[in-house]
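Okay, so here's the structure we're looking at.
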Amino acid sequence: MLSKRSNGTYPLKKREFRSRLKKILGFRPGNLQLYEAAFIHRSASYILPDGNRINNERLEYLGDAVLDAILSDFLFEKYPEATEGFLTKIRSRIVNRDVLNQIAIAMGINKILISNVSSLHSSKNLYGDAFEALIGVVFLDKGFKKTRKFFIKKVLRKYLDLNMIVKNDTDYKSLVFEWVQKNKANLIFTYNEEYDFETKKSVFSTILSINKEEFGKGQGCSKKEAEQEASSQAWKRIKDISADL
């Protein structure tokens, strides 16, 4: 039985898949089977006769590392006078899960991703994960130099406004920490981890409390992501409190 794509339809025929993939990449892909694996979510994994499981999990891991390397190299060259802290912060904003998810949808990755995750289920990371898997495949197929060129030309300059990313400070956790230190308050994160059998991934949730009062809740595929969501809610509340004073 064929696995369904995330939008509920069956996988594309090879000719159509190759056509859409070439439109996304801007160049002719090499090993098509490798690229197909980048768009198979773990929920739609299939097992080969030799026992190997096919999905995009390993490619996502590789793509994450390659993307970090590309951005580190690019930002290092673009901002020669910047501090390590500044470069790390800007890189983190670009690889933010929400940002990667939006990029993937803009590129059309959502239209070729194969997934058995219910449409009613939260799938905010599926597309971003597939984007990272694609970066991993391009690296295997074309090497670092070509992957760097692809990301900068076809992704960074096309879908992101770097100046706005630099200008907008969206590291809510740091903002909350600064406010807490300034006001001599006590901040605590409490965590919970559950396994989501549909997406086959751990889901982290956290509650941010200031002086034993709940200020925000967050959820994500990592503690860091959950902390940022909780911090975003907390920061909004802090601004509301400050406005009333």
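List of remarks:
- The range 51-156: translational diffusion in µm²/s, Stokes-Einstein, Kirkwood Rh over Cα pairs, 25 °C, 0.890 mPa s: 168 µm²/s
- Between the helical axis of 126-142 and the longest alpha-carbon principal axis of the chain there is an angle of about 50 degrees.
- Spread of Cα-to-Cα distances over 5 Å intervals beginning at zero, given as percent, for the range 158-245: 3, 13, 21, 20, 15, 12, 10, 4, 1, 0
- GNM on the chain, alpha-carbon springs under 10 angstrom: the most fluctuating residue among 130, 82, 234 is 82.
- In this simple spin-label model, placing a label point 7 Å from the Cα along the Cα-to-Cβ direction at both residue 92 and residue 154 gives a separation of 3.0 nm.
- Backbone N atoms of the range 133-167 closer than 18 Å to the 7 Å Cα→Cβ label point of residue 45 belong to residues 133-134.
- Between helix 97-107 and the chain: long-axis angle, C-alpha atoms, 0 to 90°, nearest 10: 40 degrees
- Calculated P(r) of the chain - Cα pairs past 32 Å, %: 29 percent
- Taking the 1.4 Å solvent-accessible surface of the range 163-230 as the whole, the part contributed by carbon and sulfur is 50%.
- Here the dipole of the range 67-108 is about 180 debye; that uses its Cα centre as origin and unit charges on the Cβ of Lys and Arg (positive) and Asp and Glu (negative).
- Translational diffusion of the range 14-110 was estimated from the Stokes-Einstein equation, with Rh taken as the Kirkwood radius over Cα pairs; at 4 °C and 1.567 mPa s the coefficient is 83 µm²/s.
- Charge dipole magnitude, Cβ of K and R +1, D and E -1 - the range 174-233, Cα centre, debye nearest 20: 240 debye
- Relative contact order (percent, whole number), the range 166-225, Cα cutoff 8 Å, 6+ residue spacing: 25 percent
- Rounded if a/c under 1.5, otherwise prolate or oblate - the range 121-184, Cα gyration tensor axes: prolate
- Of the beta bridges in the chain, as assigned by DSSP with both residues counted there, near 95 percent are antiparallel.
- With helices as the sole contributors, the chain gives -16000 deg cm²/dmol at 222 nm; each DSSP H run of n ≥ 4 counts as -39500 (n - 2.57), and the sum is divided by every residue.
- Helix 172-182 vs. the chain, principal-axis angle (Cα, 0 to 90°, nearest 10): 20 degrees
- When the chain is treated as a Gaussian network with alpha carbon springs shorter than 10 Å, the biggest mean-square fluctuation among 113, 187, 71 belongs to 187.
- Cross-link table 184/223; 78/224; 23/146, entries beyond 18 Å C-alpha to C-alpha: 184/223; 78/224
- As a calculated quantity, the FRET efficiency between residue 116 and residue 146 at R0 = 30 Å, using C-beta atoms, amounts to about 0.40.
- Per residue, the chain exposes 58 Å² of solvent-accessible protein surface, assessed with a 1.4 angstrom probe and all protein chains in place.
- Point-to-point label distance, residue 177-residue 240, nm (Cα→Cβ direction, 7 Å offset): 2.5 nm
- Among the trypsin sites (Lys or Arg not before Pro) found in the range 172-218, those both in a DSSP coil and sparsely packed, with 12 or fewer other Cβ atoms within 10 Å of their Cβ, are 184, 212.
The values are calculated or read from the model by the stated rules, or taken from the named source; none is laboratory data. Nothing here was measured: the structure is a model prediction, and the numbers come from that model. So basically every Cβ, Gly included, is an ideal-geometry build from the backbone, and we count neighbours across all protein chains shown. For accessibility, only protein heavy atoms count, side chains too; no ligands or nucleic acids. Shrake-Rupley method; radii C 1.70, N 1.55, O 1.52, S 1.80 Å.
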